[in-house]
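The block underneath contains the structure these notes are about, expressed in structure tokens.
The values are calculated or read from the model by the stated rules, or taken from the named source; none is laboratory data. All figures in this text were calculated on a predicted structure; none of them were measured in a lab. Cβ: placed from backbone, ideal geometry, glycine included. Neighbour counts: every protein chain shown. In case anyone asks, the SASA skips ligands and DNA or RNA and just uses the protein heavy atoms, side chains included. Shrake-Rupley method; radii C 1.70, N 1.55, O 1.52, S 1.80 Å.
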Amino acid sequence: MASVQAVSINFLPAATGITESPLFSWVIGSCGRNCVQRAYQVQIAGEETFSEVLYDTGLVAGECSAHVRVDDFIPRQGRIYWVRVRVVTSSDTEDDLLSAFSPPAKMIGGLEDPQSLMDQFITVEGPEDVMKARGTYIRRRFSLEKEIASAVIYSTAQGNYQLHLNGKRVSTDELAPGWTSYDERLQYQSYDVRDFLTGGENVIGAHLGAGWYKSTLSFLLIHNFYGEYAALSLTLLVTYTDGTTQTVITDADWKGDYSPVLNAQLYDGETYDARLEQDGWNEPGFDDTRWMSVRSTPCTSKRIEAQVGSPVTLHECMAPTRAFTTPKGERVIDFGQNMSALVEIRGVGKEGDTVVLRMFEVLDRDGNVYTDNLRSAQQRIMYTLKDDRPFIYRPHFTFFGFRFIHVESFPGRSDLDGFRAYAIYSDMEKTGSFECSNPDLNQLQHNIEWGLKSNFVDIPTDCPQRDERLGWTGDAQIFCRTASFNVNSYAFFSKWLRDLALDQAVIGGVGHVVPDVLNKYPVENPMLKNGTHSAAAWGDAAVVNPWVMYLTHGDTEILSRQWDSMKGWIDFMRTHSEGHIWNYRLQFGDWVALDAEEGSYFGATPNDLTCTAYYAYSTGLFVKIARVLGKDTVADEYESLQRDIISTFRSTFFTEDGEMTAQTQTAHILALHFNLVPEVHRAKTLERLKKLLEKENGHLVTGFVGTPYFTHALSANGALEEAYDLLLKEDFPSWLYQVKKGATTIWEHWDGIRPDGSMWSPDMNSFNHYAYGAIGEWLYRVVAGLEIDEASPAYRHSIIAPRIGGNLTWVRGSFRSIYGEVSSAWKVDTGTGKSIVTLTVSIPANTSSSIRLLDGAVLVDGDGLDFARQGEMLEAETGSGTYCIRYTL
């Protein structure tokens, strides 16, 4: 019998700050084949028991189980809501059965006037604190005299904040309110705090830190980038059972003082003196008579908006795997995993003892501490003990990228039980899994996932350890599809894309980083003097990332919201192209490719080729987006433009006999993958790419632009064996070379650590840099064969088409879509002399799929499916269910 297993709200399991009618989607669980929804019913209540239903659609006929709105429902300010769904389904074995209601999903109504928070910012900092990054406490007493029905806090900060009620943390959020383009917008958070409150006296308190707002930011090392004072703005709205309300806001009635956090910088770490702790500062009964009065301070953002999801939280708690002393005598703690995390320490000493720790990524070739690649970032904890009682401490307003800890000072012996690391990243539901018979590929998948976790700390950063940690648009564009297999990245990227659009130049150019911290001040960096925005593959995040979100989640609203940004980017390229060849100011090209000249970051593929290739690619995506949105006139115009760009590309970068003018791997990869090759020369272009690969003994020499598409360009053009060979290379340079070197994340450079143990230049050598992890997309889409039908996105109609190879004996891949889990698992048996493939696929209820058996498959058992021959492919159409298919190759 069918059931509704889960309900999502705006693609999240719970949603806050909702001020418009949200989108509801649900997953139908069914053991029957060809299960479809015939009707649905959505109910909304003000309490989890649904004793009083506020909104009820009744049974609505239809198959739609995603992107459903409830007519006339708009959440009210200060209200908590619960949503549940039930459905009527039919399948091959059951007709028109009504399910039970789903488990309820929760949402919080947002502020009717979020701009009211703009006038309520308070701080305890003064002019003497402008260039400091100290922590501050602020608190306020208030009384509640009636029975409470509900209570919601709407809060935000200029800086970072941790919120407390009556001595308890209100949420698990870290680094709130997150990093946005603060000049333009600031996010507020919504918290249900009913269970934190009591009758009589209550105390609300906040711990404030500098955060992205005023601590040192970017490799330009600019302090106070957005403002000078860490400040809080808050509204607590209490609703009593008699219908009356009480409001508490940030005003002159609050008091404040300095906290034990003496310095908290994102790059440098935190200095904390426990002797300055004030026990009970956030509780009733605390004497705050000596505390200072707060003062109001202006909001430096143009507007305040509700957070759309994915707050930064703590996740895995990691215990260290070993403690040792290096040849130089340095005490080191090894966690066995490179990550973004907060270190927690515990021990016993005496008053005034100081713990000094420095976090770092790798050991040098001699096994000693290596910190040169951190550049100016200190990544250090300095903790002073309060007394001789056991202590426990975890930093408040920073995070670290590391695997190892150099213990510079510690009371007593620094043993393993004194250290823990809590992974810190945006709260995103895990949606995908990939594993296979090759343990090195499984480690590669592990490294991809941890590269994602480490660099999705509110924005898609390039790296989590050095004095940078910026939202480079190129990295995010390259990795977006891979990320969206592994986690539910909708809210994460939706939030970031809003800032991309806000920071976009009036003329349409897109910043190299978002939020854009390279355009505000004169840039002394020698390279960036040539341009701080609009590089091919970087700026194209404006188009590629919304398209990936649409494909993955089926939501047209993100396309509508980003429309002006996308069109602005395409028009920028058109305006600055000459005869449809585009090449604007500073271009990163095939960044850090191995075919670059010695000492250069720039690969050998000419910029005008990479720029024009991406110009054609993004314009083609824009045409598809215009069609989806029903903007056919615009689509016709830009489709004509795309044809002209492709024609120019072909006439410029191909000779008459079909040779490319640039004899690099990346040039041929882009031409093939972006369909820029004259069809008559496709086979020749592929053969030339294979020769260029052979010239490097089967190794890639590509950078950021060519690498993500290399295996795609091969496998989609009849070179599956070469694609697998490339993937499975174990010596330098390759993905598995890093694995063999003990990597637990993806490196920034193929030669971050060279075969002889020496390092790439320390000025830019991250060992936790997800861009090359884009190979993960190929693992899911080609090896496991999980593909989206663009005509029916979000896996409403999936395509299952695995490619068998690489001497793999089994593969399992799955993705939890908004409709449910779609999966593909295959294993190969060669015991009979033939390769017999057993393919098991699962298609979620209320969806359909095309199952394709490729590469000359001969059907043995179709499990009841009707396969038809189309050339070398067998294809069957099916609805939901689990199918076990056997065929030979």
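Only one of (1) without any contact (Cβ under 8 Å) to a residue 60 or more places away in the chain; (2) within 22 Å of A66 (Cα to Cα); (3) open to solvent by less than 10 Å² (accessible area, probe 1.4 Å); (4) outside any strand (DSSP E or B) is not met by N846, so which one is it?
Tallying (1) without any contact (Cβ under 8 Å) to a residue 60 or more places away in the chain; (2) within 22 Å of A66 (Cα to Cα); (3) open to solvent by less than 10 Å² (accessible area, probe 1.4 Å); (4) outside any strand (DSSP E or B), N846 fails exactly one: (1).
Name the one entry in F24, F11 that is hydrophobic (A, V, I, L, M, F, W, C), surrounded by 21 or more Cβ atoms within 10 Å (Cβ to Cβ) and out of contact with any strand residue (DSSP E or B) (no Cβ under 6 Å at 6 or more places or on another chain). First the steps, then the outcome.
On the way: F24 fails: out of contact with any strand residue (DSSP E or B) (no Cβ under 6 Å at 6 or more places or on another chain).
Within the list F24, F11, the selection yields F11.
Can E748 be described as surrounded by 19 or more Cβ atoms within 10 Å (Cβ to Cβ) and farther than 28 Å from E687 by Cα?
Numbers: surrounded by 19 or more Cβ atoms within 10 Å (Cβ to Cβ): yes; farther than 28 Å from E687 by Cα: yes.
Criteria met by E748.
Taking K146 as the residue in question, decide whether it is assigned to a strand (DSSP E or B), farther than 30 Å from H223 by Cα and among the basic types (K, R). Walk me through it before giving the result.
Details: assigned to a strand (DSSP E or B): no; farther than 30 Å from H223 by Cα: yes; among the basic types (K, R): yes.
No; evaluated as a whole, the condition is false for this residue.
What's the number of the only condition in (1) open to solvent by 40 Å² or more (accessible area, probe 1.4 Å); (2) modelled with pLDDT of 95 or more that E145 fails to meet?
(2)
Taking Y226 as meeting all but one of (1) crowded, with 24+ Cβ neighbours inside 10 Å; (2) among the aromatic types (F, W, Y); (3) under 18 Å from M118 (Cβ atoms), write down the number of the exception.
So the condition that Y226 fails would be (1).
Got a sec? Which of T384, T473, T431, T461 is surrounded by fewer than 22 Cβ atoms within 10 Å (Cβ to Cβ), within 26 Å of K214 (Cβ to Cβ) and not basic (K, R)?
Values: T473 fails: surrounded by fewer than 22 Cβ atoms within 10 Å (Cβ to Cβ); T431 fails: within 26 Å of K214 (Cβ to Cβ); T461 fails: surrounded by fewer than 22 Cβ atoms within 10 Å (Cβ to Cβ).
Criteria check complete, one pass: T384.
Give me the residue from segment 473-509 that is in a loop (DSSP other than H, G, I, E, B) and under 19 Å from the mean Cα position of the chain (by Cα) and, out of that set, farthest from A14 (Cα to Cα).
Taking segment 473-509 as the starting set, the residues that turn out to be in a loop (DSSP other than H, G, I, E, B) are 488-489, 504-509.
Now narrow it down to the ones that are under 19 Å from the mean Cα position of the chain (by Cα): 488-489.
On the way: N488: 13, S489: 14 Å.
Taking the candidates together, the pick is S489.
Just one of the numbered conditions (1) more than 30 Å from L528 (Cα to Cα); (2) outside any loop (DSSP other than H, G, I, E, B) is not true of T172; which one?
(2)
Sort out which residues of segment 395-416 are in a loop (DSSP other than H, G, I, E, B) and either closer than 25 Å to P464 by Cα or in contact (Cβ under 8 Å) with a residue 24 or more places away in the chain (or both), and write them in order of number. Spell out the reasoning first.
Initial filter on segment 395-416 (in a loop (DSSP other than H, G, I, E, B)): 395-399, 410-415.
Hits for segment 395-416 are P395, H396, F397, T398, F399, F410, P411, G412, S414, D415.
For segment 713-720, does any single residue satisfy the condition of being open to solvent by 20 Å² or more (accessible area, probe 1.4 Å), part of a loop (DSSP other than H, G, I, E, B) and at pLDDT below 95?
no
Given (1) assigned to a loop (DSSP other than H, G, I, E, B); (2) over 34 Å from the mean Cα position of the chain (by Cα); (3) within 19 Å of A14 (Cα to Cα), identify the lone condition not met by E47.
It fails just one condition, (2).
Do you know which residues across segment 90-100 are closer than 12 Å to V36 by Cβ and either within 35 Å of the chain's Cα centre (by Cα) or surrounded by fewer than 16 Cβ atoms within 10 Å (Cβ to Cβ) (or both)?
D92, E94, D95, D96
For segment 590-623, how many residues are of a type in the set (A, V, I, L, M, F, W, C) and open to solvent by 40 Å² or more (accessible area, probe 1.4 Å)?
Within segment 590-623, the subset of a type in the set (A, V, I, L, M, F, W, C) is 591-594, 596, 602, 604, 609, 611, 613, 616, 621-623.
Then drop every residue that is not open to solvent by 40 Å² or more (accessible area, probe 1.4 Å), which leaves 594, 602, 604.
Residues that pass the stated criteria total 3.
Condition (residue is among the β-branched types (V, I, T), part of a loop (DSSP other than H, G, I, E, B) and open to solvent by less than 20 Å² (accessible area, probe 1.4 Å)) applied to segment 763-776: is it met by at least one residue? Break it down into steps so the answer makes sense when it comes.
Just the residues of segment 763-776 that are among the β-branched types (V, I, T), to begin with: 775.
Next, from what is left, pick out any that are part of a loop (DSSP other than H, G, I, E, B): none.
Scanning segment 763-776, I find no residue that is among the β-branched types (V, I, T), part of a loop (DSSP other than H, G, I, E, B) and open to solvent by less than 20 Å² (accessible area, probe 1.4 Å), so the answer is no.
Can you work out which of the residues in segment 59-89 that are outside any loop (DSSP other than H, G, I, E, B) and of a type in the set (D, E, K, R) is surrounded by the fewest Cβ atoms within 10 Å (Cβ to Cβ)?
Taking segment 59-89 as the starting set, the residues that turn out to be outside any loop (DSSP other than H, G, I, E, B) are 60-61, 68, 80-89.
Keeping just the survivors that are of a type in the set (D, E, K, R) gives 84, 86.
On the way: R84: 21, R86: 19.
For segment 59-89, the residue satisfying everything is R86.
Regarding G347, is this residue over 22 Å from N160 (Cα atoms) and either open to solvent by 10 Å² or more (accessible area, probe 1.4 Å) or of a type in the set (S, T, N, Q) (or both)?
Working: over 22 Å from N160 (Cα atoms): yes; either open to solvent by 10 Å² or more (accessible area, probe 1.4 Å) or of a type in the set (S, T, N, Q) (or both): yes.
Yes, satisfied.
May I ask you to list the residues in segment 829-842 that are in contact with a Leu (Cβ under 9 Å, 6 or more places away or on another chain) and surrounded by 16 or more Cβ atoms within 10 Å (Cβ to Cβ)? Write out each step before concluding.
From segment 829-842, those in contact with a Leu (Cβ under 9 Å, 6 or more places away or on another chain) are 834-837, 839; that's our starting set.
Residues satisfying the conditions are I836, V837, L839.
Looking at segment 101-117 only, could you name the residues that are part of a loop (DSSP other than H, G, I, E, B) and out of contact with any Asp or Glu (no Cβ under 6 Å at 6 or more places or on another chain)? Please lay out each step first, then the result.
As a first pass, look at segment 101-117 and keep what is part of a loop (DSSP other than H, G, I, E, B): 101-104, 110-113.
Hits for segment 101-117 are F101, S102, P103, G110, L111, E112, D113.
Condition first: open to solvent by 10 Å² or more (accessible area, probe 1.4 Å), part of a loop (DSSP other than H, G, I, E, B) and either under 18 Å from Q562 (Cβ atoms) or among the hydrophobic types (A, V, I, L, M, F, W, C) (or both). Now tell me which residues in segment 510-538 satisfy that. Please lay out each step first, then the result.
Of all residues in segment 510-538, those open to solvent by 10 Å² or more (accessible area, probe 1.4 Å) come to 516, 519-527, 529-530, 532-533.
Remaining after also requiring part of a loop (DSSP other than H, G, I, E, B): 516, 519-527, 532.
The answer is D516, V523, M527.
So which pairs qualify, if the first residue must be in segment 417-437 and farther than 13 Å from E449 by Cα, the second must be β-branched (V, I, T) and not in a strand (DSSP E or B), the Cβ gap must be under 6 Å, and the two must be at least 6 apart or on different chains?
Partner pairs satisfying both residue conditions: S437/T809.
Look through Q162, Q120 and report the one residue that is touching a residue at least 40 places away in the same chain (Cβ under 8 Å) and closer than 24 Å to I459 by Cα. Before the answer, list the steps.
Values: Q120 fails: closer than 24 Å to I459 by Cα.
After ruling out the rest, the residue left standing is Q162.
Select, from R816, R852, R869, R886, the only residue that is within 27 Å of the chain's Cα centre (by Cα) and open to solvent by 10 Å² or more (accessible area, probe 1.4 Å). Walk me through it before giving the result.
Details: R852 fails: within 27 Å of the chain's Cα centre (by Cα); R869 fails: within 27 Å of the chain's Cα centre (by Cα); R886 fails: within 27 Å of the chain's Cα centre (by Cα).
None of the others qualify; the one that does is R816.
Quick one: how many residues across segment 639-690 are among the acidic types (D, E) and touching a residue at least 60 places away in the same chain (Cβ under 8 Å)? Walk me through how you get there before you give the answer.
To start, the set of residues in segment 639-690 that are among the acidic types (D, E) comprises 639, 644, 656-657, 659, 679, 687.
From what is left, the residues that are touching a residue at least 60 places away in the same chain (Cβ under 8 Å) are 644.
Result for segment 639-690: 1.
Hey, any hits in segment 777-792 for a residue that's part of a loop (DSSP other than H, G, I, E, B), under 26 Å from W547 (Cα atoms) and among the acidic types (D, E)? Let's see the steps before the verdict.
Of segment 777-792, the ones part of a loop (DSSP other than H, G, I, E, B) are 784-785, 789-792.
Narrowing further to those that are under 26 Å from W547 (Cα atoms): 784-785, 789-792.
Now narrow it down to the ones that are among the acidic types (D, E): 789-790.
Yes.
Of the conditions (1) assigned to a strand (DSSP E or B); (2) open to solvent by 30 Å² or more (accessible area, probe 1.4 Å), W826 satisfies every one except a single condition; which number is it?
If we test W826 against (1) assigned to a strand (DSSP E or B); (2) open to solvent by 30 Å² or more (accessible area, probe 1.4 Å), just (2) comes out false.
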